[in-house]
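First up is the structure itself, then whatever we jot down about it.
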Amino acid sequence: MTAGARAGRRVRGPAGRRAALWVALLSSVLVAVPAAAVTAEPPTVRVETARPLAAPAARAPSCDPRRASPRPSRVDGPAVRRIRERGHLVAGVDLNSYLWGSRDPYTREPVGFDVDLVRAIARDVLGPDATVRFVSMPPGQRIARLKARQVDVIVRTMSITCERLNEVAFSSVYFETGHRLLVPEGSPITGFDERLRGRRVCLGKGSSAAELLRTSGTGARAVETASHLDCLVELQQGKADAILTHATLAAGLAAQDPTVRLVGPRLDTALYGVAMNKDDTDLVRRVNAVLEDYREGGGRSPWMISYDKWLAPILGARPQAPPRAQYTD
C-alpha cells in the first residue's frame, strides 16, 4: 500500500472522503505524463520524478532573508531566453502537499497554491499558451537540482534562509508561516518543550525543521522521511510521536486525517520564496515582476484569489495583504 493510500485511510465524513480521494492519488503524481500545448488556462503540464542527487552542505554569511532579492525587471536575459527557446518552463514542486501542490482527483492536473504561482510565472515568460513541466522532488534534492540546471524554478513551500542563499537565489517573499507540532488525538505532547524528551519527532529530510529540532534542547529524537506526507503515515503507524513541519503543511495533513491536531504556538517565522539558480539574475528579477503583479489588486489580487480557493478553508480568514516585497537594490 502506498504512503498516500495509507494516509487516506483515517479520513472520516464527506469532507474526509474528498480528502481521501486527494490522498489516494498523491502517490501517482510521480508518473511521467506527456506535455502538449494549450491555449487556455491552465497551462499544459508534464509530471516526472526527479533522479536522486545529493545536495552539498554549505554555510552562508549573515543576511536578511526578507531583503535578499533584486528589484523586479522584465528585461530579457540569458535565463529567460533559454526558457523561451526550449518552449516550456521546468518547475520543481511538491505534488504530495494537499492544498499547495497535488493532483486533482478528477482532472489529474497539478493544482494548489504553489501551482497557481508556477502557472502565473509561465504565462508571463511564455505567453497565454504556456507549457509547464512539473518535476516532483523531495526537499533534500531542491538545491542540487537548481545548481545542476535540471529545473528553472522551485516553488515548493521553500523557506528563504541564509544557508540556502549561499547556494541559490530567491524571489521576494510570497508567503509567511512557521513551524508547529502535529500530534495524534490524546497525545500527552502539548507543545515544543520538555515533554518531547525521548519522543520521536518526524520531519522531512532536508527540511528546515531538522535544524530547529537539533538546536531545540528538547531531547527529542528525529525521524527523517522523504516528505511530511510520509511522516503522517509514520504517525499513524505509531513509529513517530509527533510531526514537526510548517503550520501551512501541518494544516493540510490535519485536513486529510481528523485524528491528528496541531499543538502549541508557531515556533518561528518561515518565509517562502521562489528559488532559482544563483546565476539566473534576469529570471529572478522577472519572477519578482510577476510577484508584484500577483500581489496587486487588493482582495481581488491573484494572490488573494488563490488563498481563498486553497488555504482559507484550512488556515482561516485571509490576511489583510500578501507579504510586502523588499529588495537588495
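Data overview
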{"read-out": "Protection proxy ranking, peptides 129-136, 178-185, 301-308, average beta carbon neighbours within 10 Å, highest first", "value": "129-136, 178-185, 301-308"}
{"read-out": "Packing-based ranking, highest mean first, of 119-125, 236-242, 189-195 given that Cβ atoms within 10 Å are counted", "value": "119-125, 236-242, 189-195"}
{"read-out": "Relative contact order (%) - criterion: Cα under 8 Å, at least six apart; region: region 94-233", "value": "19"}
{"read-out": "Relative contact order (%) - criterion: Cα under 8 Å, at least six apart; region: region 58-171", "value": "39"}
{"read-out": "Principal semi-axes in Å for region 121-208 [√(5λ), Cα gyration tensor, largest first]", "value": "34, 15, 13"}
{"read-out": "Average Cα contact separation per residue, region 179-263, under 8 Å, 6 or more apart, as relative contact order %", "value": "44"}
{"read-out": "Two-decimal ratio, region 280-329, of alpha-carbon radius of gyration to 2.2 N^0.38 Å", "value": "1.31"}
{"read-out": "Spatially proximal lysines relative to LYS239 (Cα-Cα < 22 Å; intrachain offsets below 8 disregarded)", "value": "LYS205"}
{"read-out": "Eligible lysines near LYS278 by straight Cα distance, threshold 17 Å, same-chain separation 8 or greater", "value": "LYS147"}
{"read-out": "At q = 0.11, 0.23 Å⁻¹, base-10 log of I(q)/I(0) for region 179-263 (Debye sum, equal scatterers on each alpha carbon)", "value": "-0.22, -1.10"}
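Every read-out reported here was derived from the displayed coordinates using simple, explicitly stated rules and does not represent laboratory data. This one's a predicted model, so the numbers in the text were calculated from it and none came from an experiment. Cβ coordinates were reconstructed from backbone atoms using ideal geometry, including for glycine residues, and neighbour counts include every protein chain displayed.
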